[in-house]
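Nothing in this text is a laboratory measurement; each read-out follows from the coordinates by a stated rule. Predicted model only: the values in this text are computed from it and were never measured. With ideal geometry, Cβ positions are generated from the backbone for all residues, glycine too; neighbour counts draw on all protein chains shown.
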Amino acid sequence: MPVDLDPSRFDFLDIEHRDDGVSVVTLNRPEKRNALNVGTIDELVDFFSAAPRAGVKSVVLAGSGNHFCAGLDLIEHHDADRSPADFMHVCLRWHEAFNKMEYGGVPIIAALQGAVVGGGLELASSAHIRVMDDSTYFALPEGQRGLFTGGGATIRVAQLVGKANMVDMMLTGRVHQGQAAVDLGLAQYIETERSSFDKALEIAQQAAANLPLTNFAICSAISHVQNMSSFDAAYAESVVAGVVNTQPAARERLAAFADKSAPRTRPNAE
Ligand code: 1HE
C-alpha cells in the first residue's frame, strides 16, 4: 500500500488495509459520538482522494462505539464562533470529502449503528451502499437546533428519500428506524441477526471481486450521469460502456460465460 495511505498518518480515522483489498475506515472518536470536526473531514479528503489511485478495491466506512456519527462537531463550531464565510468554507471542505467518496470510483459500504444524524447522515449518504441494524436510526436534527444542512443533504438525502420526506425530517425532527427506514430508501440492507459491520464487510468483499474498472464506472459514472440531460447521459453511458465492456479482463469473463465455466445469474434460493 503506498505510503500516502499509511494508517499511521491518520489521527481521527482508524484504517486497516486488509489482504482481500478491502480497506476498513473507522471514525475513531466514540467519546464524541464520532462528531465531524475539521480534522476528521481533512482526513476523509486525504483518504478518499488517494484511495482510487492506491489500489483500494473497496471500503467499509464505520464508526467506533455505539453510534455511527452525530454530525457536525457542535462544540468545535460553537467555540470557533465562525463568520458566514468561515462556515461556507467548512461546508465546501465537507463537499470536497463527500464528492471524493461518491464520485471516486471505489465502492464504499457504510456500516451503520446507533445515531446516523445530521452531518452523519450526509456522510452515510455519500457511501454507495448503506447497511443498518436494529440499533440504527436516522434524523436531521438541524431544524430543531436552529441550523441547516451544509454537507450535501439537500442533494443526497433528498435523492434517497425524496424532497417531501427530507422536509418532514427537518421540520419535525422525525426519526426513522427499522424496516421503515429501508423502505424509505435510507439503507439498502438491515441486519437483525448480526452486526451491520459484518454484512458491510461481506458486501465490500463481493464488490472487491469485481473488475476495478467496472467498479470505477459503477461508483462514478452513475452519479455523474444523474447530473446530465438524458441526451448527454446516453452519450456518456455509451462512452463508458465502450471502455469498460471491451477491457481485456472483461473479455476473459465473457469467455468463461461462453464455455459455461462462469456461474449463471439465478435467484439466491436456487
Ligand atoms: C458531540 C456531538 C456533536 C455528541 N458535536 N460533540 N447532530 C446533532 O444534533 C446530534 C447531537 N448529538 C446527540 O443528539 C447525542 O449526542 C446522541 C444522540 C448522538 C448520542 O447521545 P448520548 O447520550 O450517547 O451522548 P451525549 O451524552 O449526548 O454526548 C456524549 C459526548 O459526545 C458529549 O461530550 P462530553 O465531552 O460532554 O462527554 C457530547 O458533547 C459529545 N457529542 N454529539 C460535538 N454533534 C455541515 S452542516 C452539518 C449540520 C449538523 O450536522 S448539525 C449536528 C446534528
**Request:** Could you tell me, in Å, what Rg and Dmax come out for the Cα atoms of the chain?
**Result:** 19.2, 66
**Mean separation of Cα contacts under 8 Å, 6 or more apart, over the residue count of segment 1-106: relative contact order %** = 31
**Request:** Compute log10 of I(q)/I(0) for segment 76-128 with the Debye formula, placing one identical point scatterer on every Cα and leaving out solvent, at q = 0.13, 0.15, 0.17 Å⁻¹, to two decimals.
**Result:** -0.41, -0.52, -0.64
**Message:** Straight-line reach from Lys57: which lysines fall under 22 Å, measuring Cα to Cα and dropping same-chain residues less than 8 apart?
**Reply:** Lys100, Lys199
**Request:** Answer rounded, prolate or oblate for segment 28-124, using the Cα gyration tensor with square roots of eigenvalues a ≥ b ≥ c: rounded when a/c is under 1.5, else prolate when a/b is larger than b/c, else oblate.
**Result:** oblate
**Prompt:** On full extension of the chain, what length is gained from Arg53 through Thr154, given 0.36 nm per residue of separation minus the C-alpha to C-alpha distance?
**Reply:** 33.4 nm
**Prompt:** Where a ≥ b ≥ c are the square roots of the eigenvalues of the C-alpha gyration tensor, would you call segment 100-181 rounded, which needs a/c under 1.5, or, failing that, prolate if a/b is larger than b/c, or oblate?
**Reply:** oblate
**Selection from Ala209, Pro30, Ala139, by position along the positive dipole direction of the chain (Cβ)** = Ala209
**Message:** Give me the extension gain from Val175 to Arg266: residue separation times 0.36 nm, minus the current Cα-Cα distance, reported in nm with one decimal.
**Reply:** 29.1 nm
**Asked** Pick from Asn215, Asn28, Asn245: which residue has the top mean-square fluctuation in a GNM of the chain where Cα pairs under 10 Å get a spring?
**Response** Asn245
**Asked** Hey, with R₀ at 30 Å, roughly what FRET efficiency would Asp259 and Ile222 work out to, going by the Cβ-Cβ distance, to 0.05?
**Response** 0.45
